[in-house]
Number of protein chains: 2
Amino acid sequence: MLDATHDPALTSWVESANAAAGDFPLQNLPFAAFRRAGSAESFRGGVAIGDVVLDLGALHALGVLQGLAAQALALCAQPVLNAFMAAGHEASAALRAALSGALRSGSPLTGRLRPLLVPQHAAEYRVAARVGDFTDFYASIHHATAVGRLFRPDSPLLPNYKWVPIAYHGRASSVLVSGQPVTRPCGQVLPPGATQPELAASRRLDYELELGVFVGRGNPLGSRVPLAEADGHVFGLCLLNDWSARDVQAWEYQPLGPFLAKNFATTVSPWVVTREALAPFRVPWGRPAGEPPPLAYLDDAAQRRAGAIDIQLEVWLDSARMRAAGVPPQRLSHSSFRDSWWTVAQMLTHHTVNGCNLEPGDLLGSGTQSGAQPAEAGSLLELTAGGRQPLTLAGGETRTFLEDGDRVVLRGWCERAGYARIGFGEAAGTVLAATPP
Amino acid sequence: MLDATHDPALTSWVESANAAAGDFPLQNLPFAAFRRAGSAESFRGGVAIGDVVLDLGALHALGVLQGLAAQALALCAQPVLNAFMAAGHEASAALRAALSGALRSGSPLTGRLRPLLVPQHAAEYRVAARVGDFTDFYASIHHATAVGRLFRPDSPLLPNYKWVPIAYHGRASSVLVSGQPVTRPCGQVLPPGATQPELAASRRLDYELELGVFVGRGNPLGSRVPLAEADGHVFGLCLLNDWSARDVQAWEYQPLGPFLAKNFATTVSPWVVTREALAPFRVPWGRPAGEPPPLAYLDDAAQRRAGAIDIQLEVWLDSARMRAAGVPPQRLSHSSFRDSWWTVAQMLTHHTVNGCNLEPGDLLGSGTQSGAQPAEAGSLLELTAGGRQPLTLAGGETRTFLEDGDRVVLRGWCERAGYARIGFGEAAGTVLAATPP
């Protein structure tokens, strides 16, 4: 799937795209739905290049593209990108190639496209698609083991884990885009030693470091997506913070899983990095020695050859006090999606093995991506051993769980020798105080 | 909330509406989205009266209603009823009153409305609203106890059950309307005694007898719906079959709850019975002696006075062999929603206590409504003691779980001395053979 759009030698006439460690070089070209901040404009598609957004609604109006790329571009002029996602890889690859050409240094379109650039700092975003259904997986065995140890010390990893890509349905209506604040939720909690629950603001608010997957082409109800075709149903990936109220979760989650502990907010990055852009960063997938292989429907040579993706992930935090004192944000952890027990394709195939229909713009979460080392944990629950070992922040404060005013920023990027670095931007959210019950 | 629309003495000029035990007398007037079967017409709203549908799209075009009723009617001309549901009770009550007048014996509109009637047997339906999010509760303590005994003999009812209206998010994309077939799902199952799972067609396919709740007015993210206002956010109720693959469920559900065991299909009745129509059938709600009251946010005098609704519910089954032999369908069980541990208002308030935003057309399931007696169980899992005690059907066949060709029909109705009986129609689905994995 590597082609000229991945050539690391290419530069853009948008100078900021040529910076050494930027997220949005010419080789990335992620999509979002945006408008000018504070305006009453319609949202429409945009593509990130350097520190600006190329307005795809305006580019469509300009009428300079032809063929399949022009057809795909027309779909990007809509307020959400569901129709573009539904159009499949031929369409997104054609538009990607056309945009790569148009934004390349020396492009004859330079003069006509320059007026269509909007500074990213002057843009506001919405979630790139109308999310019909949001499914959250649990694909990191390191996370599952660490959390299992806290909730069930006697059986941290349940017998089904190594076989089933565990998932649950989340809430679509509360999927937020980066920058929207998150109000601390209230809920039923059982205080330690109490015999009756109480309604209270959560005292154990946490983040979860995840990747999100936007579904491209859907599948009809009753059909399955075989593993070999699963990547063909993926539009692209984003960052995803699955905010979690651990005290609510502990009390409510048996026997039907998390509900109010999770459904108050899920934050995604505005930028969706396409499957095409991620192609150079695919790496072999496999099981550690001694582990059984998955069932046949979740295993094939293509997955073993290049089913995983090496995406570096980070969590950063700053508190209200740190911001006031000018203390820079602090990195809490770092992991890679390549360590995931399940790949994106395996998750998608498993989701449809019972005939469940996925639709364009549906969102899948990867589950918290923790690495094997304690410092690679993707949640405070893990980093603080369930709140028993507080972290010390750079300004001297300590944290077990999030406090009001804390700002959590997820970042992600891919690097590989011989290729341009590409990034995901950020998924950020600041915690607001609860409305008292 | 009782008014002239509930007067049992009133009759309709649609003769079939005046039958003694019909579901759709003048006092009911449930809404659906329909079109003529086999046509390429747009779906639009319809209201059931006797054995026909009054075409609300055509009534809107006729322009005979005025004021708020006419505004509400315009919303019913759309292909789904989300906008009508969003308009709130003033709108639906105004339209209900106008339709009650227009369909009443002696109405001056009789001649103009008669051409707008479509026989129900000549109509096809879709789900009444575009379901943004589907949430399934677990509100019958009898069901929770009986199922808990099968999955966890040592702790059938978990400590949170009596306090928390337990729920999980279900799948919106696979909500079907009555009459659509249900293909037996495949999935990972762990055969008895096996050490490794296998991928197989489910051998323990089941139904669940539930009520569905369509949300009317929504609430913004971050806001709560107080108990006293919760009924004001309910548009109406329908029948709901939460098809379940018990063998898949048993293997996958820990620790995040049911996923592929449930998300392959959920069947709802086309007709949504409004909160207004259900008003005469409200009954006191309370806890048995000795049980603790709920937390304050889920308890008030109005709930205790009339928070429950006495809705009779039934499950009927016929097999392919029964149909071929002319053996009539067999009733498997009968229960009432009045026995639910939680009321609709309590479920809705709990859902928003953390600030979760509900949107018009969202669907809540009540959870399987089983009564206290074994014969009142709302699933085969319960009726057959987990498959250990087969049922014998009228034609001599036995059943532990559903077989291919089985047709499951849910019915529901309300009766009370001094009021007209009203019904929900049916939620029906026939099981098709699995596509082999």
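The values are calculated or read from the model by the stated rules, or taken from the named source; none is laboratory data. Since the model is a prediction, treat every value here as computed from it, not as a measurement. Counting neighbours? That spans all protein chains shown, and the Cβs are built from the backbone with ideal geometry, glycine included.
Of note:
- Test: A:ARG331 is away from every other protein chain (no Cβ under 14 Å), assigned to a loop (DSSP other than H, G, I, E, B), modelled with pLDDT of 95 or more and surrounded by fewer than 19 Cβ atoms within 10 Å (Cβ to Cβ): no
- Out of B:ALA394, B:ALA375, B:ALA420, B:ALA434, sole residue that is at pLDDT below 95, part of a loop (DSSP other than H, G, I, E, B) and aliphatic (A, V, I, L, M): B:ALA394
Residues checked against (1) within 14 Å of chain B (Cβ to nearest Cβ); (2) touching a Pro at 6+ places or on another chain (Cβ under 9 Å):
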{"position": "A:VAL268", "(1), (2)": "no, no"}
{"position": "A:VAL272", "(1), (2)": "no, yes"}
{"position": "A:GLU276", "(1), (2)": "no, no"}
{"position": "A:PRO284", "(1), (2)": "no, no"}
{"position": "A:GLY290", "(1), (2)": "no, no"}
{"position": "A:PRO293", "(1), (2)": "yes, no"}
{"position": "A:LEU298", "(1), (2)": "yes, yes"}
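- Of the residues making up the range B:280-305, those that are part of a helix (DSSP H, G or I) and buried (at least 17 other Cβ atoms within 10 Å of the Cβ) number 5.
- A single entry from B:GLU359, B:GLU314 fulfils the requirement of being touching a Lys or Arg at 6+ places or on another chain (Cβ under 6 Å) and either within 30 Å of B:ALA86 (Cα to Cα) or outside any helix (DSSP H, G or I) (or both): B:GLU314.
- Of residues in the range A:170-198 being in a strand (DSSP E or B), within 7 Å of chain B (Cβ to nearest Cβ) and touching a helix residue (DSSP H, G or I) at 6+ places or on another chain (Cβ under 7 Å), the one surrounded by the fewest Cβ atoms within 10 Å (Cβ to Cβ): A:GLN188
- Test: residue in the range B:204-214 that is in a loop (DSSP other than H, G, I, E, B), within 30 Å of B:ALA123 (Cα to Cα) and in contact with a helix residue (DSSP H, G or I) (Cβ under 9 Å, 6 or more places away or on another chain): yes
- For the range A:347-373, the set of residues classified as surrounded by fewer than 24 Cβ atoms within 10 Å (Cβ to Cβ) and away from chain B (no Cβ under 12 Å) consists of A:GLY371, A:ALA372, A:GLN373, listed by residue number.
- A search for C-beta distances below 7 Å between a residue of the range A:198-225 that is farther than 22 Å from A:LEU150 by Cα and any residue that is charged (D, E, K, R) and assigned to a loop (DSSP other than H, G, I, E, B), counting only pairs 6+ apart in sequence or on different chains, returns A:VAL215/A:GLU359; A:VAL215/A:ASP362; A:GLY218/A:GLU359.
Residue-wise test of (1) more than 14 Å from chain B (Cβ to nearest Cβ); (2) surrounded by 22 or more Cβ atoms within 10 Å (Cβ to Cβ); (3) small (Gly, Ala, Ser); (4) in contact with an Asp or Glu (Cβ under 9 Å, 6 or more places away or on another chain).
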site	(1), (2), (3), (4)
A:LEU380	yes, yes, no, yes
A:ARG407	yes, no, no, yes
A:GLY412	yes, yes, yes, yes
A:ARG421	yes, no, no, yes
A:GLY425	yes, yes, yes, yes
A:LEU432	no, no, no, yes
A:THR435	no, no, no, no
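- For the range B:306-355, residues that are closer than 13 Å to B:LEU278 by Cβ and not polar (S, T, N, Q) total 10.
- Test for B:GLY132: is it farther than 18 Å from B:VAL215 by Cα and at pLDDT 95 or above: no
- Some residue of the range A:60-67 being in contact (Cβ under 8 Å) with a residue 40 or more places away in the chain and closer than 19 Å to A:PHE235 by Cα: no
- Out of A:ALA58, A:ALA19, A:ALA37, sole residue that is modelled with pLDDT under 95, more than 22 Å from the chain's Cα centre (by Cα) and over 22 Å from A:ASP231 (Cβ atoms): A:ALA19
- The lone exception for A:ALA167 - which of (1) more than 10 Å from chain B (Cβ to nearest Cβ); (2) crowded, with 19+ Cβ neighbours inside 10 Å it fails: (1)
- Those residues of the range B:307-328 which are over 23 Å from B:HIS143 (Cα atoms) and surrounded by fewer than 18 Cβ atoms within 10 Å (Cβ to Cβ), in sequence order: B:ALA320, B:ARG321, B:ARG323, B:ALA324, B:ALA325, B:GLY326, B:VAL327, B:PRO328
- Checklist (1) within 28 Å of A:VAL182 (Cβ to Cβ); (2) within 14 Å of chain A (Cβ to nearest Cβ); (3) assigned to a helix (DSSP H, G or I) applied to B:ASP247, failing item: (1)
- Conditions (1) at pLDDT 95 or above; (2) under 24 Å from the mean Cα position of the chain (by Cα); (3) more than 22 Å from A:PHE235 (Cα to Cα); number of the one not met by A:LEU109: (2)
- No other residue among A:GLY387, A:GLY405, A:GLY425, A:GLY367 is part of a loop (DSSP other than H, G, I, E, B), under 30 Å from A:GLN27 (Cα atoms), touching a Ser or Thr at 6+ places or on another chain (Cβ under 7 Å) and touching a residue at least 60 places away in the same chain (Cβ under 8 Å) apart from A:GLY367.
- Condition met for A:PRO220 (within 14 Å of chain B (Cβ to nearest Cβ), assigned to a loop (DSSP other than H, G, I, E, B) and at pLDDT below 95): no
- From A:LEU237, A:LEU150, A:LEU227, residue being among the aliphatic types (A, V, I, L, M), more than 10 Å from chain B (Cβ to nearest Cβ) and buried (at least 24 other Cβ atoms within 10 Å of the Cβ): A:LEU237
- Criterion: of a type in the set (Phe, Trp, Tyr) and without any contact (Cβ under 8 Å) to a residue 60 or more places away in the chain - qualifying residue of B:TRP285, B:TRP251: B:TRP285
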